[in-house]
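Some notes on the structure that comes next.
Nothing in this text is a laboratory measurement; each read-out follows from the coordinates by a stated rule. Here the structure is a predicted model, which means the values were calculated and not measured. Methodologically, a virtual Cβ is constructed for each residue, glycine included, from the backbone with ideal geometry; neighbour enumeration extends over all protein chains shown.
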Amino acid sequence: MSEAFQLILLAVDSAIRLSVPLLYACLAGLYSERSGVVDIGLEGKMLIGAFAAGAVASLVPNPWLGLLAAVMASGLFALVHGFASISQRGNQIVSGVAINVLASGLTAILGNAWFGQGGRTPQLPGSARFNEITLPFAEALRPVPVVGEIYYEVISGHSVLVYLALAMVPLTWFLLYRTSWGLRLRAVGENPAAVDTAGLSVTRLRYSAVIMAGILCGFGGAYLSIAQSAGFITDMTAGKGFIALAALIFAKWRPLPALGACFLFGLLDAVALRIQGVSFPGIGQVPVQAIQALPYILTVVLLAGFIGKATPPKAVGVPYLKDRS
Amino acid sequence: MSARTAPVWLTAGVVPLVNVAVAFLAAGLVVALIGENPVEALQIMLRGALGSQYGLGYTLYYTTSFIFTGLAVAVAFHAGHFNIGGEGQALMGGLGAALVALSLPFLPWPLLLPLCVLGAAAAGAAWVFIPAYLQACRGSHIVITTIMFNFLAATLLVYLLVGPMKMAGSMAPETAKFVPGATLPLMNQMAAWFGLTITRTPLNLSFIFAILAAIFVWVLIWRTRLGYAIRTVGANPDAAVYAGISPARITVIALLISGGLAGLMATNEILGVQGRLINEFTAGAGFVGIAVALMGRGHPFGIVLAALLFGVLYQGGAELAFDKPKITREMIIVIQGFVILFAGALEMMFADRIAALYARLTGKLVAV
């Protein structure tokens, strides 16, 4: 088999791994922002989730309990954001910044105080992590050209959280576009007054979206600390929550394009990792920072409206005030 | 029933103080949670930050950076915009100062030093120009674009410091040392000119710049036509149009001033202390600026006080981490997070209750 094909397969495989946390956070942001609540706290929620998963899985070697802890920690932060944004009608951006700053400080200080390893959680054994699953017949099909190789290298051999993330995309699409909850959720992000007039609770709808965002960020965080790595390390999210936000804009707040955007940004990350120190014929070395900067540049260009227009939900960021007078 | 406006001491005094007190209570709970005594921790912090010339010098050195970044956030706030990009603008400020210092080392210091300071402000302003223009003219949300520009600034700086601008022969990502004429004098050196002896700390001339910047912002916002235009656009862009003010133009100008102030933060760290450009020198000061501006309620006087409080926290936190290894320096970040939450996102949570209490006590109904 050609070496180039093998290289492409490996790149796609690593792009999938790198795009999973982006995908969870991006879908989280999608629920929240579609309901009218801006969420720049994706980063912080993922971080606290990753920490909770790493901490709990190190105490009880069960990845599912780790995942549960991640979802609860991230969900708690989501509730704080919801309380500030929905109930108190506070500034949603400020609240998101608070979530990020709090998560960054709390994970470092609690991690150091509880485990004494400079903010890390203890190294996890295999039994406490989500391990890679070899899908049925992957080994048997491996010698089959192209199809077997794709099946073996790219599709098989991921942890259950990877497959769950991919399943979340059609599920989110279904929830948003084929259920009454989804219709109401989209409506509340565009015109909350109309939803209110129809006798539905804007507050409850928005809370349900914000909690959904918390749950998904918890999954993303757990993926980082107990699937991709064997424990939590300080500032583990390293800006992934913001790249996810960029992907959300890139996808224009739609689930299927979100998958594409996250995969694209994951692929860029994979390429940036691979080309370090590699010299290309005719070009020479491409600075790795140029590739790392691409998601941000692409997002700004898109936001500027030069390549298509990214229009956010109309009521996003605006607290809803029932007129009582 | 119509409520009259609450007195200033209530809205600008009691309400923010209660919010900050709640933030500190929450932080105290975290200290208790990890098994330390919050009261003792507070004592160590205060003694470490204010108990000696050495501590005070460091406190004011941290304060300097936070005044700049706090003012930067506040000026944008007055125009109705959230400049979350102080971190990136400050990084670029350092780059601007370094470019001037490294390319014009032959100039005499009376010329070189002002140019370096200007370089910092200009580069900070330049870094916010694209987000500002896109916000004003194409409606791209400035929060998102400035977040992206923070990452771009960090990436660009890493590229420059490991590549073209790296000092030959050095392993660390840093530029060559600037000539002495491009650096600001330390406070102890300046005191020596007047025959005074004070302990050597990183506190330098840029502290005076920061105070001047605070006065400048006060004059600008409340005593000039431009400031009036900025506040009008911030309060109601539609009304501004009827008053003959162009919201787009004012937005760009206000954000350029904001970016320039953030860029000036680099005078403290790069021109004052390091004397060369290093990586990640802002160390989160851009984000502290958000907490400082919220706590200071956008007023330069409040901002200087809030910056001083965060200066105390940063210096005291360093001492605390030294005395109590369980309470690491990240404790400051936790406090910062609670301040942003309670004094920012939840700022009205206690306001209604305080207004009700005030009404009970005085019999006057007020709106806070």
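One table, with the values for the structure above:
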quantity	calculated
Tensor-based shape of region A:79-162 (alpha-carbon gyration tensor, a/c under 1.5 rounded, otherwise prolate or oblate)	oblate
Average partner coverage of B:13-19, which counts Cβ from other chains inside 10 Å	0
Rounded to 10°, Cα long-axis angle of helix A:202-222 versus longest principal axis of chain A	20 degrees
Helical contribution to [θ] at 222 nm, DSSP H n ≥ 4, -39,500 (n - 2.57), averaged over chain A, rounded to 500	-21000 deg cm²/dmol
Ordering of B:312-322, B:211-221 by packing [mean C-beta count within 10 Å, highest first]	B:312-322, B:211-221
Of the DSSP H helices in chain B, those whose Cα atoms cover at least 30 Å axially and whose Kyte score averages -1.0 or more	B:53-78, B:109-138, B:300-323
MRE, 222 nm, helices only [DSSP H, n ≥ 4, -39500 (n - 2.57), over chain B, to nearest 500]	-22500 deg cm²/dmol
Packing-based ranking, highest mean first, of B:131-141, B:172-182 given that Cβ atoms within 10 Å are counted	B:131-141, B:172-182
Stokes-Einstein D (µm²/s) once Rh is taken as the Kirkwood radius of the protein assembly as shown over alpha-carbon pairs, at 10 °C in 1.306 mPa s	60 µm²/s
Calculated from backbone phi, Karplus (6.51, -1.76, 1.60) coupling profile of region A:77-84 in Hz, x at Gly/Pro	5, 5, 5, 4, 4, x, 4, 5
Pairwise centroid distance, computed over Cα atoms, of region A:43-115 with region A:236-291, Å	25 Å
Overall form of chain B per C-alpha gyration tensor (a/c, 1.5; a/b vs b/c)	oblate
Cβ-based net charge around A:A113, under 14 Å, with every Lys or Arg adding one and every Asp or Glu removing one	+2
10 Å Cβ neighbours from other chains, averaged over peptide A:297-306	5
Amide proton proximity set for B:E174, modelled H, under 5 Å, gap of 5+	B:M167
Two-site label geometry, A:Q123 and A:R89: point separation in nm, points 7 Å out along Cα→Cβ	5.5 nm
Partners for B:K166 among lysines (Cα-Cα distance below 21 Å; same-chain residues under 8 apart left out)	B:K177
For region B:163-173, Karplus couplings with θ = phi - 60° (6.51, -1.76, 1.60), whole Hz, Gly/Pro x	x, x, 9, 5, 5, 4, x, 9, 7, 6, x
Placed amide H near B:N83: partners under 5 Å, 5+ positions off or other chain	B:F77
Simple label model, 7 Å out from Cα along Cβ direction - B:L357 to A:N62, nm	4.6 nm
Candidate aspartates and glutamates for bridging to A:K322, where Cα separation is under 18 Å - those fewer than 8 sequence places away on the same chain excluded	A:E190, A:D196, B:D352
Förster-model FRET efficiency, 56 Å R0, B:F106 and A:L79, C-beta, rounded to 0.05	0.40
Rounded to 10°, Cα long-axis angle of helix A:240-250 versus longest principal axis of chain A	70 degrees
Candidate lysines - alpha carbon under 20 Å from A:K240, same-chain residues fewer than 8 apart omitted	A:K45, A:K252
Cut-off under 5 Å, modelled amide H: who pairs with B:N204 long-range	B:M187
Packing rank of B:344-350, B:250-256, B:262-268, where each peptide gets the mean count of other beta carbons within 10 Å, highest leading	B:262-268, B:250-256, B:344-350
Label-point separation, B:V39 to A:A138 (7 Å along Cα→Cβ), nm	5.9 nm
Pairwise FRET efficiency - B:A21 versus A:E190, Cβ, R0 = 56 Å, nearest 0.05	0.90
Gyration tensor verdict on region B:18-156 (Cα atoms; rounded if a/c is under 1.5, prolate if a/b is larger than b/c, oblate otherwise)	oblate
Region B:242-267 and region B:77-93: distance between their alpha carbon centers, rounded to Å	10 Å
C-alpha long axis of helix A:288-303 to longest principal axis of chain A, angle in °	30 degrees
Shielding by partners - mean other protein chain Cβ count within 10 Å, residues of B:125-138	1
